[in-house]
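Each reported figure results from applying straightforward, stated rules to the coordinates on display, with no laboratory input. Just so it is clear, the model here is predicted, and its values are computed rather than measured. Note: ideal-geometry Cβ built from the backbone for every residue, glycine included; neighbour counts use all protein chains shown.
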Amino acid sequence: MNVVTRFAPSPTGYIHIGNVRSAIYPYLVAKQANGKMILRIEDTDRGRYVDGATELIEDTLRWLGLDWDEGPIVGGPHAPYFQSERKEIYHEYARKLIAAGRAYADPTPPEAIDEYRKECNEKKLPFLYRNFRPEKTPEWTPGIPLRFKAEPKEYHWHDEVMGDMHAGPEVQDDIILIKKDGFPTYNFAHIVDDAEMGVTHVMRGVEYLSSTPNYLELYEALGLEVPKLISLPHILAPGGNKKLGKRDGAKSATEYRDDGVLPEAMLNYLACLGWNDGTEQEIYTKDELIQRFSVDRIQNSGARYDEVKLLWLNGQWIRRIFNEQGADGLLMRAEDFWPESAKGSTVEYRRQVLSIIYDRLKTLSDLRTMTDYFFRDPTIDLDMLVHNKFLKKLSESEIESLLKLTIARLTNLKDWDEDSLQVALNDLLTETGKKPAELFSLIRISISFTAFSPALNLTMSVIGREPILARLNAVARAI
């Protein structure tokens with residue numbers, strides 16, 4: 001089989017991480033089989049269309065390295081790839097159904113349909129429009145809704161994730177195929193497009209499972225082969241009790257990118273959210289995912305979204321990129337994440353800072369808060385100093401004395417490098433009789449006034465002799 005998959009988002013706003021996973025799996029299936037993935041934009045709901053949303057979708061896929069083989073920008077033999085430009089194709093298929101007696105124009109006003117629904121509710125019966133099908137219908141022309149004429153029966157089918165499924169005739173109905181505005185509904189358009197484009201594997205959210213009998217009847221009525229059906233369980237909110245939504249704190253893929261999440265980490269996390277290869281491995285490259293992915297390992301229940309895990313993975317990928325590509329590889333990624341105070345600094349200096357702090361980063365945006373003191377003198381906060389848990393037992397005079405002793409030792413230091421600084425710091429421990437937590441906390445806070453810094457000797461080496469001594473003297477004076 002020549003495997004063809006598709007990702008068919010609607011341009012109705014930002015691209016949610018659940019949508020992103022719906023792109024990752026078809027991509028992996030296609031690439032593993034040396035097939036192709038099609039990007040198709042389902043933009044027939046003109047009322048919800050958002051300008052710029054298509055470009056956002058394309059940009060997100062490119063960011064993740066999910067290059068499509070056919071679709072917008074790249075073109076292909078099945079163009080156009082915007083459903084709004086394929087109206088005549090849908091009308092052609094619609095006319096086939098009309099000719100076969102399987103579709104009819106429905107002039108029934110919405111108010112009457114509401115009354116039918118109300119009548120069923122009062123009788124506590126399920127509302128099925130086929131029970132109110134009009135006896136006489138006009139000839140169909142665009143401007144009148146077109147409905148499918150259902151012939152309900154029992155259906156059995158196999159879903160590659162959910163297993164063998166079946167449904168009785170009670171779930172099938174006269175669904176709308178073409179809306180009043182002449183555009184098709186999703187229920188009709190995706191079947192036509194998948195057939196026209198040769199799609200072999202249809203992957204979509206599990207919420208469409210209940211509509212599958214209607215789709216199967218449409219395939220049958222049009223004489224089309226049914227592709228492999230693959231239902232993807234929901235990504236659940238952190239509490240695990242509902243489908244993940246924006247209100248649950250999940251951000252768009254673009255927001256995560258702007259926050260300094262790497263595409264490798266996002267791809268890795270979402271691919272494994274509801275799938276595993278049966279091993280304990282957690283870090284996967286794109287090539288490893290392509291090699292190991294299999295549909296039969298997709299779990300058939302919802303997967304709980306865990307941002308903590310995503311950020312942990314991101315930290316692992318930051319370390320991996322540094323270790324494999326060196327400081328320059330990570331420096332290029334970090335270009336937009338430095339604090340304002342870094343403006344005017346040299347590339348070499350930023351490289352030095354990144355080299356000693358990269359292994360503490362969860363996201364690249366952490367650079368903004370973690371590295372500011374490398375580029376400018378911090379604001380002195382004596383409360384932070386005297387209330388530190390390791391320093392609160394020391395009197396102000398003791399703190400001042402320790403600082404002056406440190407200044408004297410560092411002033412006379414011949415070589416200002418990380419090894420010489422570590423020797424000097426160790427000598428100060430011996431000379432003062434203080435514990436490392438006390439003396440080193442005093443020096444660290446005095447030069448950074450932050451809750452975190454890399455190893456003290458590395459920090460001091462990068463910042464340099466004169467700025468370090470100036471900061472220590474300023475704190476001693478303030479005390």
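Could you give the angle, 0 to 90 degrees to the nearest 10, between helix 186-196's Cα long axis and the longest principal axis of the Cα atoms of the chain?
Once rounded, the angle reads 90 degrees.
Taking just the C-alpha trace of the chain, give me its Rg and Dmax in Å.
Considering the chain through its Cα atoms, Rg and Dmax are 31.3, 102 Å.
Label points 7 Å out from Cα along the Cβ direction at D51 and Y349: separation in nm?
Result for the modelled spin labels: 4.3 nm.
Against the longest alpha carbon principal axis of the chain, how many degrees, from 0 to 90 and to the nearest 10, is the axis of helix 396-411 turned?
80
Where the centroid of each part is defined by its Cα atoms, how far is the stretch 374-423 from the stretch 93-121 in Å?
The stretch 374-423 and the stretch 93-121 have Cα centres spaced 80 Å from each other.
Counting other beta carbons within 10 Å of each Cβ, put C272, C120 in order, fewest first. Walk me through the numbers on the way to the answer.
Details: C272 20, C120 15.
Going from sparsest to densest Cβ surroundings: C120, C272.
Pairs of Cα atoms under 8 Å, at least six residues apart: use those to get the relative contact order of the chain, whole percent. Don't skip to the end; give the middle numbers.
Details: 676 pairs, mean separation 58.7, N = 479.
For the chain, the relative contact order is 12 percent.
May I ask you to derive the relative contact order of the stretch 86-232, considering only C-alpha pairs under 8 Å and at least 6 residues apart, and to give it as an integer percent?
Reported relative contact order: 24 percent.
Between S294 and K309, what length comes free when the chain is fully extended (0.36 nm per residue of separation minus the Cα-Cα distance, one decimal in nm)? Could the numbers behind the result be given before it?
Working: separation 15, 0.36 × 15 = 5.40 nm, distance 2.25 nm.
Result for the pair: 3.2 nm of gain on full extension.
Using helices alone, I'd like the mean residue ellipticity at 222 nm for the chain: each DSSP H run of four-plus residues gives -39500 (n - 2.57), total over residue count, nearest 500.
Numbers: 19 runs with 216 residues, N = 479.
Counting only the DSSP helices, I get -14000 deg cm²/dmol.
Assuming 0.36 nm per residue, please report the length gained on full extension of the stretch T141 to F82 beyond their Cα-Cα distance. Let's see the in-between values first.
Values: separation 59, 0.36 × 59 = 21.24 nm, distance 2.26 nm.
Extending this stretch completely gives an extra 19.0 nm.
Between S301 and D336, how high is the FRET efficiency from 1/(1 + (r/R0)^6) when r is the Cβ-Cβ distance and R₀ = 35 Å? Nearest 0.05.
Working: r = 39 Å, r/R0 = 1.10.
According to the calculation, E is roughly 0.35.
Where does helix 307-333 land angle-wise versus the long Cα axis of the chain, in degrees 0 to 90, nearest 10?
60
Lysines near K96 by alpha-carbon distance under 18 Å, same-chain residues fewer than 8 away left out - which ones?
Within the straight-line limit of under 18 Å, K96 reaches these lysines: K87, K149, K179.
What is the spread of the Cα atoms of the stretch 86-232 along each of their three principal axes, largest first, in whole Å?
40, 39, 23
To the nearest 0.05, what FRET efficiency results for K118 and K243 with a Förster distance of 41 Å applied to their C-beta separation? Numbers along the way, then the final one.
Details: r = 29 Å, r/R0 = 0.70.
Computed FRET efficiency for K118 and K243: 0.90.
Taking the Cα centre of the stretch 382-478 as origin and charging only Cβ (+1 Lys, Arg; -1 Asp, Glu), how large is the dipole, in debye to the nearest 20? Please report the intermediate quantities before stating the final value.
On the way: 12 positive and 12 negative charges, 56 e Å.
Computed charge dipole of the stretch 382-478: roughly 260 debye.
Give me, ordered by chain and number, the residues 5 or more places off V161 or on other chains with an amide H under 5 Å from its own placed amide H.
S231
So if R0 is 56 Å, what FRET efficiency would E154 and Q325 give, r being the distance between their Cβ atoms, rounded to the nearest 0.05?
Values: r = 58 Å, r/R0 = 1.03.
Using R0 = 56 Å, I get an efficiency of 0.45.
Fewest Cβ neighbours within 10 Å first, please rank R86, R247 accordingly. Don't skip to the answer; put the middle values down first.
Values: R86 22, R247 8.
By the 10 Å Cβ count, ascending: R247, R86.
With a cut-off of 8 Å between alpha carbons and a minimum separation of six or more residues, what is the relative contact order of the stretch 382-478 in percent?
Values: 70 pairs, mean separation 37.4, N = 97.
Here the relative contact order equals 39 percent.
Dipole size in debye (nearest 20) for the stretch 307-375 around its Cα centre, Lys and Arg Cβ +1, Asp and Glu Cβ -1?
On the way: 10 positive and 10 negative charges, 35 e Å.
The dipole of the stretch 307-375 has a size of about 160 debye.
Give me the aspartates and glutamates in straight-line cross-link reach of K31: C-alpha distance below 15 Å, same-chain residues under 8 apart excluded.
K31 reaches D67, D69, E70, D287, E288.
Cross-link partners among lysines for K404, C-alpha distance below 17 Å, same-chain residues fewer than 8 apart left out?
Filter leaves K434.
Pairwise over distinct Cα atoms, reciprocal of the mean inverse distance: report the Kirkwood radius of the stretch 307-375 in Å, one decimal place. Mind showing how you got there, number by number?
Working: mean 1/r = 0.0831 Å⁻¹.
With all distinct Cα pairs of the stretch 307-375 included, I get 12.0 Å.
Taking neighbour Cβ counts within 10 Å as the exposure measure, how do W416, W338, W68 sort from fewest upward?
Values: W416 15, W338 22, W68 25.
Listed from fewest to most nearby Cβ atoms, that is W416, W338, W68.
In the calculated pair distance distribution of the stretch 288-418, what percentage of Cα-Cα distances lie above 19 Å?
Values: 5852 of 8515 pairs.
In whole percent, the share of Cα-Cα pairs in the stretch 288-418 beyond 19 Å is 69.
Can you give me the distance in nm between label points at V423 and D69, each placed 7 Å from the Cα along the Cα-to-Cβ direction?
Reported label-point gap for V423 and D69 is 6.3 nm.
In sequence order, what are the phi-derived ³J(HN,Hα) couplings for the stretch 273-278 according to the Karplus relation 6.51 cos²θ - 1.76 cosθ + 1.60 with θ = phi - 60°, rounded to whole Hz, with x for glycine and proline?
7, x, 8, 8, 9, x
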